[in-house]
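Working notes, structure below.
The values are calculated or read from the model by the stated rules, or taken from the named source; none is laboratory data. Just so you know, these numbers come straight off a predicted model, no measurement behind them. Because the Cβ atoms are built from the backbone with ideal geometry, glycine has one as well, and the counts that use them run over all protein chains shown.
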Amino acid sequence: MKRNLNALAHTDYDVIIIGAGIYGVTLAWDAVLRGLHVALIDKGDFACATSSNSLKIIHGGLRYLQQLDIPRMRESIRERMILMRIAPHLVHPLPCVMPTYGKWMNRREMLALAMGLNDLIGFDRNQLNDPQKYLPAGKTISRPELKIILGEYSFDGLNGGAHWYDCQCYNTERLALSFLISAANLGADIANYVKATGFIVKQDRITGITVADQLNHETFEIHGKIVINASGPWIDDVLTQLPGGASRRKWFNFSTATNLVLKHQVLPNVACGLPNRFTFKTSSAGTGKAIRMLFLAPWRNVTIAGTNHLPVDRHPEGFRVTESEINQFIEALNAAYPASKITRDAVGFVYKGILPKAGIHRRTGEVILEKHYKIIDHAKVDGITGLLTVLGVKYTTARNVAQSVIDLVAKKLGKTRPKSKSDITRLYGAEIDSFEEFQLTAQKQHQNNFEPQVIKHLVYNYGSAYPEILKLAASEPPYAGRIAGSTEVLKAEILHAVRQEMAMKLSDVILRRTDLGSAGLPGDAAIDECASIMADELNWSLAGKAEEIAEVIQLYQAA
């Protein structure tokens, strides 16, 4: 995967995609699978915003039972299975529990019914042949059984719990990269750090975009038949570049989502949804009480706790989570599960995302998130053909949304295109039939040269493509060792990220190409070693290297 700006500037494309979050990369993959010529750009790095800031849960949609939204639940269950099929090294089953207590919707009897309906609606969830991807039926458990899992936990009317299986993504950034590399291998032209600055319009038809290279500050044009605006929270910013200054309405209403990465595993073997009582102000200047659900999920050797949703009235570009907000969130987590005893020092990293809100709960002031994605055809809403905007709401279902969008693109192009195969086509690194068997075989095969945890790490991140890293390490022995302070990450991964995965900045490597810093700040020695490898490859000056290091450290200091 090479950053070829010359190709972007001198090619006529079928589809130009703005934004390389999970929606943009799945769009590119679905499009190239159908024979379309695709260009994809992002003003930052790939999946560097909301797509990498999450609980890492691949939801089957159990919560949609409360609204009896069966179609959306079916979609989530199907997409969860598809992601396990096309990226078996990155998406894995996750056991979950939730306490049951004497409140109407949370009674044990009600959740037993929910477990049964979940299994019935997800009757085809176990169509994969890999035994590691099997999702057992949900069930209720007794109070003593819940105590074994949660220890000393109490809540008014507690009488047991519900136990079910969902999925978790080991590395959301590498899942996005897998879509990207797969698309690039089929001919898509892809570039990070290229910002869309305007539209090329001829007689009310979009025929391309103007762009600016954020690294070299050069400008050029990209020409194509259809432009897809998949820039997430920036979709309205992109639309202000339309003739007349803006689209006819605002599409993305902002809310922030915060998840905390805790340095230890609170619950090592299971994710848990826990009720949290909170007090809210009423319109009559009084107060009321309500309950929300917080989630603690084991991830690698840490815990992700979430999610705290807050409304904002303006674009939260570069927003920071304040110390007050972090401490209030910690208080809420400790109130929900006192045994966790979370302190501020236990927070290794703060994930910050921006999600579209539908409104604010009139009683509690809580954010109400958008439930359904939108595909906006600007020929209909603005009288400008050749432009579509995609408003995504959920990581899990991005592939399915992309399929629907490219169906529309094919129709607009007036060409007969094959149906989507993105639900059955394995991604880069996904040539794995039985994950556990594949992993054990890899560890045994390389046991004389690498410790088991190194091979396990490589398999979980690169899947069947992990030999590429080992081949590079063998051909350049100085890079065969581990990064300083890491028990898993090889120096060769940094070299591979620069040469093959378009890593242009130190943060690309620390946070997204490897898992070196996605759970917390690596040590100074690790950061300096990564920076030195990249400096040699990209010809950074000493000042440039120092600037890159300072930028990475600043990312962790920004709470």
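Of the residues making up the range 445-496, those that are touching a residue at least 12 places away in the same chain (Cβ under 8 Å) and either among the small types (Gly, Ala, Ser) or assigned to a helix (DSSP H, G or I) (or both) number 30. It is to be established whether one or more residues within the range 63-70 are out of contact with any helix residue (DSSP H, G or I) (no Cβ under 8 Å at 6 or more places or on another chain) and among the acidic types (Asp, Glu). Yes. Taken together, 243, 268 contain a single residue that is closer than 30 Å to residue 150 by Cα, part of a loop (DSSP other than H, G, I, E, B) and out of contact with any helix residue (DSSP H, G or I) (no Cβ under 8 Å at 6 or more places or on another chain), which is 268.
In the range 121-136, of all residues being hydrophobic (A, V, I, L, M, F, W, C) and either out of contact with any strand residue (DSSP E or B) (no Cβ under 8 Å at 6 or more places or on another chain) or not in a loop (DSSP other than H, G, I, E, B) (or both), the one that is surrounded by the fewest Cβ atoms within 10 Å (Cβ to Cβ) corresponds to 123. When the range 1-38 is filtered for residues that are closer than 21 Å to residue 425 by Cβ, aliphatic (A, V, I, L, M) and not in a helix (DSSP H, G or I), the ones remaining, listed by number, are 1, 15, 17, 20, 36, 38. Listed by position, the strands (runs of 3 or more DSSP E) enclosed by the range 157-213 that each have at least 2 residues that are charged (D, E, K, R) are 194-202, 205-213. From the list 485, 520, the one residue that fits, being closer than 25 Å to residue 316 by Cα and modelled with pLDDT under 95, is 520. Would you say residue 148 is under 21 Å from residue 168 (Cβ atoms) and over 31 Å from the mean Cα position of the chain (by Cα)? So residue 148 fails the test.
The combined condition, being part of a helix (DSSP H, G or I), surrounded by fewer than 20 Cβ atoms within 10 Å (Cβ to Cβ) and not polar (S, T, N, Q), is not fulfilled by residue 358. Residue under question is residue 330, and the condition is that it be among the aliphatic types (A, V, I, L, M) and in a helix (DSSP H, G or I); does it hold? In short, yes.
Within the range 497-530, the set of residues being assigned to a helix (DSSP H, G or I), over 29 Å from residue 183 (Cβ atoms) and among the small types (Gly, Ala, Ser) comprises 525, 526. Here is the figure for the range 411-431: residues that are surrounded by 20 or more Cβ atoms within 10 Å (Cβ to Cβ) and either in the same structural domain as residue 183 (by TED's automatic domain parsing) or part of a helix (DSSP H, G or I) (or both) total 0. Could you please let me know if residue 391 is buried (at least 17 other Cβ atoms within 10 Å of the Cβ) and at pLDDT below 95? In short, no. Within the range 78-100, does at least one residue satisfy the condition of being more than 22 Å from the chain's Cα centre (by Cα) and closer than 30 Å to residue 437 by Cβ? So far as the range 78-100 goes, yes, one or more of its residues are more than 22 Å from the chain's Cα centre (by Cα) and closer than 30 Å to residue 437 by Cβ. Got at least one residue in the range 59-74 being surrounded by fewer than 19 Cβ atoms within 10 Å (Cβ to Cβ), part of a loop (DSSP other than H, G, I, E, B) and in contact (Cβ under 8 Å) with a residue 12 or more places away in the chain? Scanning the range 59-74, I find at least one residue that is surrounded by fewer than 19 Cβ atoms within 10 Å (Cβ to Cβ), part of a loop (DSSP other than H, G, I, E, B) and in contact (Cβ under 8 Å) with a residue 12 or more places away in the chain, so the answer is yes.
Based on this model, can you work out whether residue 487 counts as of a type outside the set (D, E, K, R) and exposed (fewer than 15 other Cβ atoms within 10 Å of the Cβ)? So residue 487 fits the description; yes.
Regarding residue 398, is this residue within 22 Å of residue 229 (Cα to Cα), of a type in the set (A, V, I, L, M, F, W, C) and surrounded by fewer than 22 Cβ atoms within 10 Å (Cβ to Cβ)? For residue 398, the condition - within 22 Å of residue 229 (Cα to Cα), of a type in the set (A, V, I, L, M, F, W, C) and surrounded by fewer than 22 Cβ atoms within 10 Å (Cβ to Cβ) - is not met.
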